Structure formats: structure tokens, C-alpha cells
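Following: one structure in C-alpha cells, then a few remarks.
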Amino acid sequence: MSRDILVLYGSYRRDRQGIKLAHWLVDAIDARGDHAELIDAKAVGLPILDQRHSDYPPGEAPAAMAALAVRLENADGFIFVVGEYNGGLQPGLKNLVDHYLPEFAWRPAAIASYSAGPFAGVRSATAWRTTLGAMAMVVTSTPLSLARIGAAFDADGKPTGEDGTRLIRALPRFADDLGWWIDAAKAQRARVGAPF
Ligand SMILES: Cc1cc2nc3c(=O)[nH]c(=O)nc-3n(C[C@H](O)[C@H](O)[C@H](O)COP(=O)(O)O)c2cc1C
């Protein structure tokens, strides 16, 4: 059965590069027979965190925040597309994520990291593992890490060059890992629900 996977990305920069990886991942997951959808924090436009979604009385959360809560709750799993700022995570995506907690829980998450340089944002990926793990997500073990993102896609958004080729090669294992955990978590939620 087709899995419903959200691809979350959160750079607000005007010349942001990671959006190319996010779009490619949506298409690549769709092409494998699952359903993927982009959640672009900049487009969602949540304010800097004041109250979490769950802090609002029922029906009083801002419309965009409430709509995203429903979308997150109904997803089978998540892919976080993460860049690296000063050795850590990007504030736009962290701000979006911090608005929610139960909406993410008991589902798996995979991390795709990237950077302008050769290290592919791995320090940010490590920071995200801690955050997502703290939010009751199972974080998959297969990384997808893209170095030199500025030259890794052609004008049509297709991976190109050595780094692009490596990305294409890495995708099946990355997606298989996430798919396995999605199926496992879904079956367990259906069998016994959440543990608490
Ligand atoms: C504020 C800032 C800090 C950055 N820090 C790092 C860093 O620590 N490590 C790294 O590999 N790249 C760093 N970079 C370069 C980013 O990898 C590159 O700009 C990337 O495209 C950022 O993602 P985005 O374009 O989706 O915003 C930094 C860029 C910015 C704007």
C-alpha cells in the first residue's frame, strides 16, 4: 500500500539551495510508488514560537498551524531535509517542528542533509537525530547526505555530476529503510496504539 510521506524543509533564505533536494526527494519518493508532499516552513509561515499547537484551546489555533497539525497527524512518516548553519540546525525548520509534538509521535523519520561544502551537513544531521528522537520519532539509520549542493542539480532540478550521481545511488536504500519502519510502526499503532 502506498505510504504517505511528508518532506519537511525549513530554510527561509532568498537564495536557498536545499529546496532543490526537497523537490527532488518528493518526486523520487512518488516515483517509487509512495505519496510524498513538501512541507516548506517558509510557505507555511508560522510565527516564531509563542504557543505550541496543543497549547491553544480547541479551534483557536491559527488556521495554518491547525491545518498542518492535521496533515502531520495523518502522515505515515517524515523526511527532514536539513542544511547546516554554523555547525548546527536551521532555525526555520526547528521553529516549525517545535510547534508540534504529539502530531509527530510514534512515526519514523529519515534525515537527508546537505551543504555547500564537502561535509554534507552531517553535524546538522546529528543534531536533528537528537531532536527527533526526543519527540518520539524513530530516526532511521541510513543517511542521505549531499555535498556541494550548489552544483549537484541541473537547471531542470535533476541530480548531476559526481555528487548528484551519488545521491541517486543512495536513494533506494534510504527510502527502503524508511519504508520498512513506516510499515512496522503503522502495524504496531494499529495493533496496540501508542504506548502512552
Ligand atoms: C548562516 C550560515 C551558516 C552556515 N554554516 C555552515 C556550516 O556550519 N557548515 C556548512 O557545511 N555550511 C554552512 N553554510 C553554508 C550552507 O551549507 C549553504 O549556504 C546551504 O546552501 C544552506 O542551505 P539553504 O541554501 O537551503 O539555506 C552556512 C550558511 C549560512 C547562510
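The values are calculated or read from the model by the stated rules, or taken from the named source; none is laboratory data. Because the structure is a prediction, the values reported are computed rather than measured. Positions of Cβ are backbone-derived with ideal geometry, glycine not excepted, and every protein chain shown enters the neighbour counts.
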Could you count how many residues in region 133-166 are part of a helix (DSSP H, G or I), touching a residue at least 24 places away in the same chain (Cβ under 8 Å) and out of contact with any Phe, Trp or Tyr (no Cβ under 7 Å at 6 or more places or on another chain)? 1
Within region 44-53, residues hydrophobic (A, V, I, L, M, F, W, C) and either touching a strand residue (DSSP E or B) at 6+ places or on another chain (Cβ under 6 Å) or surrounded by 10 or more Cβ atoms within 10 Å (Cβ to Cβ) (or both) come out as Val44, Leu46, Leu49
Kindly establish whether Asp34 is free of Cβ contacts under 8 Å to residues at least 24 places away in the same chain, within 30 Å of Asp176 (Cα to Cα), away from the ligand (no atom under 16 Å from the Cβ) and charged (D, E, K, R). no
Candidates Ser113, Ser145, filtered to the one that is surrounded by 19 or more Cβ atoms within 10 Å (Cβ to Cβ), modelled with pLDDT of 95 or more, within 14 Å of the ligand (Cβ to nearest atom) and closer than 27 Å to Arg52 by Cβ: Ser113
Listed residues Asp50, Asp30, Asp15; which is modelled with pLDDT of 95 or more and not in a loop (DSSP other than H, G, I, E, B)? Asp30
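Condition check ((1) out of contact with any Phe, Trp or Tyr (no Cβ under 7 Å at 6 or more places or on another chain); (2) over 30 Å from Phe153 (Cα atoms); (3) buried (at least 19 other Cβ atoms within 10 Å of the Cβ)) across all residues:
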{"residue": "Val7", "(1), (2), (3)": "yes, no, yes"}
{"residue": "Arg32", "(1), (2), (3)": "yes, no, no"}
{"residue": "Asp55", "(1), (2), (3)": "yes, yes, no"}
{"residue": "Ala63", "(1), (2), (3)": "yes, yes, no"}
{"residue": "Ala67", "(1), (2), (3)": "yes, yes, no"}
Any idea which of Arg3, Arg14 is over 21 Å from Pro159 (Cβ atoms) and either among the β-branched types (Val, Ile, Thr) or within 13 Å of the ligand (Cβ to nearest atom) (or both)? Arg14
Return a yes/no flag: does region 117-127 have any residue that is outside any loop (DSSP other than H, G, I, E, B), closer than 28 Å to Ala64 by Cβ and over 19 Å from the mean Cα position of the chain (by Cα). no
Answer yes or no: is there a residue in region 188-196 that is part of a loop (DSSP other than H, G, I, E, B), away from the ligand (no atom under 16 Å from the Cβ) and within 16 Å of the chain's Cα centre (by Cα). no
